[in-house]
1. For the chain, compute Rh as the Kirkwood radius over C-alpha pairs and then the Stokes-Einstein diffusion coefficient at 4 °C and 1.567 mPa s; write the answer in µm²/s, rounded to an integer.
2. Please state the equivalent ellipsoid semi-axes for the stretch 15-121: what are the square roots of 5 times the Cα gyration tensor eigenvalues, largest first, in whole Å?
3. Quick one: what do you get for the stretch 21-69 if you divide its Cα Rg by 2.2 N^0.38 Å?
4. Per residue, what volume in Å³ does the convex hull of the Cα atoms of the stretch 117-190 enclose?
5. Could you tell me what percent of the DSSP beta bridges with both partners in the chain are antiparallel, to the nearest 5?
6. Separation of the stretch 45-94 and the stretch 101-134 by C-alpha centroid, Å?
7. Of the listed peptides 173-182, 85-94, 33-42, what is their order by residue-averaged count of other C-beta atoms within 10 Å, with the highest listed first?
8. Could you grab the relative contact order for the chain? Cα pairs under 8 Å, six or more apart, rounded to a whole percent.
Amino acid sequence: VLEGLSRVKALVIGPGLGQVSGGEVGLVVASAPVPVVVDADGLNAIGTLEGLHAIVERRSEPTVITPHVGELTRLAGHPPGPDHLAATRDAAARSGAIVLLKGSTTVVAAPDGRALMCSSGDPRLATAGTGDVLSGMIGAFIARGVPAFEAAALAAHVHGRAACTGYSQGLVASDLPDLVAGWLSALLGQGRGG
């Protein structure tokens, strides 16, 4: 993985990774010379916000994590409680990473206390794999030059808006890439191939 990073502008690690040691994931994240987005199995491997902080403090590029409530509970050692804004800000401060807490209102917080909230999605996004697509979108926006904090918030907004143009029932994660491309193309006044 590290050898191939000279050809990319961002790394997304975790979705589909399976059971790996935190040391392996930590080594890749700590050594990556590009912004990193950590999700799913990557979060499980890292283990705690303090463990993440030890990795992030060795990096010069931004790190974004994208937990859902259950993952943040494991990372923080306690549930986020009803104030997701405060919990996300706390997680960002403790970890040194940009934290995107997925939920009906998604919260993005930076270690310096900045925060943005997004409510553009709906319950059809509460299905397996949609968060993995969101992580990929964050990585894609970063690779296009959007700063990591803004990329996380922008990806959450586009993810939600695009999903709302899809099937009202039975939406699956594999539907999202085409919906995202269509929504962004329409927003920019471009059609297919435009």
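Taken together, the values in this text are just the output of simple stated rules run on the coordinates, not laboratory data. These numbers come from a predicted model, not from an experiment. Methodologically, a virtual Cβ is constructed for each residue, glycine included, from the backbone with ideal geometry; neighbour enumeration extends over all protein chains shown.
1. In µm²/s, the coefficient is 78.
2. Rounded to whole Å, the semi-axes are 21, 15, 12.
3. The stretch 21-69 yields a ratio of 1.00.
4. Normalising the Cα hull of the stretch 117-190 by residue number yields 84 Å³.
5. 45
6. Distance between centres, Cα-based: 14 Å.
7. For the peptides 173-182, 85-94, 33-42, the packing ranking is 33-42, 85-94, 173-182.
8. Rounded, it is 16 percent for the chain.
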